[in-house]
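This report concerns only the one structure given below.
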Amino acid sequence: MAESIVHDTHSSAKGGHAGAPQKSFFGLLKRPGEGCHPVIDWLTTVDHKKIAIMYGAAALFFLVLGGVEALIIRWQLAGPEREMISARFYNQLFTMHGTTMIFLAVMPLGAAFFNYIMPLQIGARDVAFPRLNAFSLWVFLLGGVLLNLSWFFPGGAPPVGWFAYAPLTSSTYSPGIGTDFWVLSLQVLGISSLAAAFNFIATIINMRAPGLSMMRLPVFTWMTLITSFLIILAFPAITIALVQLMFDRNFGTFFFEAGEGGRPILWQHLFWIFGHPEVYILILPAMGIISEVLPVFARKPLFGYPIIVFSGAVIGVLGFAVWSHHMFTTGLGVIALSAFALLTMLIAIPTGVKIFNWIGTLWGGRIRFDTPMLFAIGFISMFMIGGFTGIMHASVPVDTQQHDTYFVVAHFHYVLIGGSIMALLAGIYYWFPKVSGKQLSERWGKISFWLVLAGFNLAFFPMHFLGMTGMPRRTHTYRADMGWTEWNVWSTVGAFILGLGMAIFVGQIIYTAWKGRRCKADPWDSRTLEWATTSPPQAYNFPRTPIVKTRDQVWADKYDSEEIHLEWGPEEEHGIHMPDRSWYPLFAGIGLFIFALGWVLFKEPVPFIPGFANFLHLQVVGFSLLMLSIYLWALEGPGGYHLHPDKSKDPYA
Amino acid sequence: MSQAHTEPLGKASEHVHPEEQTNTGIPNKKVAMWAFLASDCMFFGTLISTHLIYRKTTGYPDVTHIFDIELTTGSTFILLMSSLFMALAVSAMHKGNLNNARWSLGAVILFGSLFLGAQVYEFHHFVHDLGLTINGSIFGTTFYTLTGTHGIHVLFGIIWLSSWLIYSFFGTMKREHALDIEVAGLYWHFVDIVWIIIFPFVYLIEYV
């Protein structure tokens with residue numbers, strides 16, 4: 001920022017007012033310009049890199065929060081018939097643990113990488129709609145706040161499980177407003193994910209650097225694209241299901257009321273039509289990260305690039321055709337059972353293809369076992385275990401036996417911790433130098449890796465045995481004579497070791513971001529376009545437009561012949577055009593938050609404020625703020641100003 | 001959003017920024033709108049499926065005595081005609097004929113409002129004269145949720161287009177906003193198409 005000189009102010013989109021710095025509409029608020037206060041800068045930023053850092057920081061916070069919830073669960077299960085916490089609090093904990101980890105930790109960590117890395121990998125200056133991107137961030141953040149606000153209201157957090165089956169969620173069986181918090185916060189988070197996905201799709205399809213054809217795209221960017229398509233097609237199902245549930249709870253409709261003609265099973269279908277693609281929304285970004293890390297540390301190109309991309313797309317498509325394997329015990333009928341069992345087994349093929357391609361990438365490579373590589377190899381092996389138990393569940397008789405037991409808990413934690421989290425950690429260790437210009441310590445990174453790997457396996461492998469011997473999931477406690485005590489003790493020990501490993505990792509991130517030493521711009525000898533600029537990149541990413549000649553462009557620049565080296569477009573005589581900061585994404589997010597809170601408290605008496613009779617006032621306030629912000633957002637236009645790169649700070653200029 | 005002042009109508013803007021030239025030649029706003037419409041298909045798909053599933057499984061009584069099929073056929077025709085004017089508005093914008101575009105936009109808004117008015121009348125009539133309420137029967141539940149969601153889409157489209165109509169009198173809407181009108185038009189046509197699916201699957205099917 002400061003190293004660049006503001007040259008002139010670009011006229012706004014509406015062509016109206018030229019001249020510096022742009023006034024916002026009606027003069028209500030000054031549109032922040034260069035050199036504004038850092039707090040205002042972060043609140044109003046439209047820079048995809050700053051947005052990504054906020055996504056990442058918030059996601060790590062929620063990861064710790066969800067982790068603490070998990071540790072309390074394990075503490076309660078450490079012995080038979082313990083009463084460390086009440087059964088109701090236990091139910092709230094596993095609900096909030098699942099919801100937090102999926103929607104507030106793993107998805108946003110993926111979004112942080114999409115935001116930071118994808119525009120750099122395609123040689124773009126920013127995403128297609130920078131202000132919409134800021135809106136996604138604030139809505140995600142406020143949605144997370146909304147969910148966790150439920151702890152502070154009478155009745156507390158929702159006790160209904162992360163998939164919240166009807167009719168447990170009806171106002172008869174769940175009268176508390178915890179469930180309303182769950183319903184509304186998931187709606188809000190859905191809006192955030194949808195807005196981000198529209199943005200990423202437009203960005204990847206439209207804003208690639210010259211020469212960067214689709215089949216030259218880094219695999220991570222490919223997986224971002226496929227994940228975004230999954231989000232836009234899967235989230236509507238849960239959004240409508242949540243609307244139906246909200247209507248049932250607030251307006252007395254009958255969607256899931258069995259006594260009045262409604263069918264609770266519809267909730268299961270709608271939820272899993274979303275819920276199974278959601279699994280791939282969580283794992284495809286991880287596969288993308290692994291496909292970036294392995295070639296760098298094996299010092300070989302990715303083996304079978306086209307088939308890896310194609311397999312990712314096939315997984316995405318098949319992901320929509322397997323939802324009923326979550327419902328094998330509901331009495332679907334033989335034909336449906338057979339069809340869904342077959343389709344579920346089919347998914348193993350593209351997944352297996354990917355795993356063999358990754359092994360092929362390692363084969364004959366000059367492998368360096370740095371921390372990102374350790375996590376990547378950890379991903380492959382742990383994800384395979386989760387995959388094997390997944391194929392077991394595709395078989396209807398086996399699934400019927402294991403349904404709702406700890407075997408299932410073991411399976412999806414192998415996929416989500418051994419899979420998603422391991423890969424996200426690999427990505428954080430790999431790209432941290434890009435984001436901060438500093439490198440995480442290898443020693444502490446390796447300590448963290450071995451603790452995570454050992455703790456994770458000790459915590460979750462015994463759950464296979466517990467599930468096989470019939471321990472049901474979501475049980476508050478168990479009797480001593482069931483024979484489950486020993487493995488539960490080991491599992492709790494493992495969970496705390498895993499927690500220690502994660503704590504070391506988070507501590508290392510904070511310490512290094514604060515006090516770490518600067519490192520080289522390309523410390524890993526990497527391959528893709530995000531390394532063809534400074535670390536961290538300047539606000540404009542690339543001073544001139546990169547013209548791409550080949551896949552793995554940065555590797556080719558270092559080791560391949562002259563004719564496929566990266567070229568740079570002409571310098572822009574007017575300077576680099578940058579979009580202006582804006583207050584309105586934040587305000588629109590706050591409006592949406594207040595609107596949603598109004599619906600949560602729809603039927604509640606208002607505490608503290610006598611005379612404020614019903615919360616419909618909050619809906620009106622929130623909706624007005626939302627609409628006003630959207631109008632002012634549209635009217636202020638993208639704006640823009642021009643930057644001239646400072647050659648002393650940016651060797652690429 | 002970064003698309004607002006790009007190369008419309010061959011009119012030379014001062015300088016086109018490189019980030020405004022897209023790989024596909026399709027403006028970002030249009031790609032994002034298509035993505036949104038794909039998503040909206042799934043929204044309506046879920047609602048329509050819910051309605052049809054409950055129609056099949058709960059066997060609610062004959063509702064043809066509730067429907068006023070002549071009225072609904074008429075309002076369907078009106079909504080279809082609004083799409084014609086929407087197409088004319090987009091075409092006029094591309095030709096740079098602001099005045100024509102303004103009249104066509106006005107017609108879209110008028111016809112959209114007529115459709116919405118018919119729906120409001122229909123709902124009012126159903127609730128107060130025939131006792132069909134959202135929390136009275138499973139048919140009422142799915143019927144009002146589905147058609148109401150469609151009605152909100154129409155209302156949103158009317159507000160969107162009315163904003164442009166108002167801007168056109170204050171000089172905010174210019175020739176270079178042809179793209180914005182076209183994107184709004186995509187949305188409007190989509191909402192229309194959804195009604196073409198709702199009309200047979202919610203109304204006509206009851207007469208079969």
Seminar exercise, completed: Descending packing, highest mean Cβ count within 10 Å first, for A:366-375, A:344-353, A:77-86 is A:366-375, A:344-353, A:77-86
For this session: Helix by helix through chain A, keep the DSSP H runs that span 27 Å or more along the axis on Cα and average at least 0.5 on Kyte-Doolittle, and give those back in order.
Result: A:48-76, A:130-149, A:178-206, A:219-251, A:264-298, A:334-362, A:371-394, A:442-468, A:485-515, A:616-636
Exercise. To the nearest 10 degrees, how steeply does helix B:138-169 sit against the main Cα axis of chain B, on a 0 to 90 scale?
Worked result: 20
Seminar exercise, completed: Along the dipole axis of chain B (charges at Cβ: +1 for Lys and Arg, -1 for Asp and Glu; origin at the Cα centre), the most positive-end residue among B:G106, B:F44, B:T24 is B:T24
Exercise. Which entries in A:K649/B:K30; A:K438/A:K649; A:K50/A:K558 show an alpha-carbon gap greater than 26 Å?
Worked result: A:K649/B:K30; A:K50/A:K558
Exercise. In degrees, nearest 10, range 0 to 90: what is the angle between the Cα axis of helix B:178-198 and the longest Cα principal axis of chain B?
Worked result: 20
Problem set entry | Spin-label pair A:M215/A:Y165, simplified geometry with 7 Å Cα→Cβ offset, distance in nm | 4.7
Problem set entry | Around A:H411: net Lys/Arg minus Asp/Glu count, Cβ-Cβ under 14 Å | -1
For this session: Collect residues whose amide H, placed 1.01 Å from N in the peptide plane, falls under 5 Å from the amide H of A:T253; neighbours closer than 5 in sequence don't count.
Result: A:D248
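Run the numbers on chain A and let me know its relative contact order in percent, using alpha-carbon pairs under 8 Å that are six or more apart.
Relative contact order, chain A: 20 percent.
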Problem set entry | Between helix B:69-94 and chain B: long-axis angle, C-alpha atoms, 0 to 90°, nearest 10 | 10
Exercise. What is the mean number of Cβ atoms from other protein chains located within 10 Å of the Cβ atom of each residue in peptide B:52-62, rounded to a whole number?
Worked result: 2
Problem set entry | Among the listed pairs A:K434/A:K549; A:K446/A:K520; A:K300/A:K647, those beyond 25 Å (Cα-Cα) | A:K300/A:K647
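Of all the C-alpha pairs in chain A, what % are more than 38 Å from each other?
On the way: 74372 of 212878 pairs.
Looking at chain A, the distances longer than 38 Å represent 35 percent of pairs.
Only the coordinates and a few stated rules stand behind these numbers; no lab work does. For clarity, every value in this text was computed on a predicted model and none was experimentally measured. All Cβ positions, glycine included, derive from the backbone under ideal geometry; neighbour counts span all protein chains shown.
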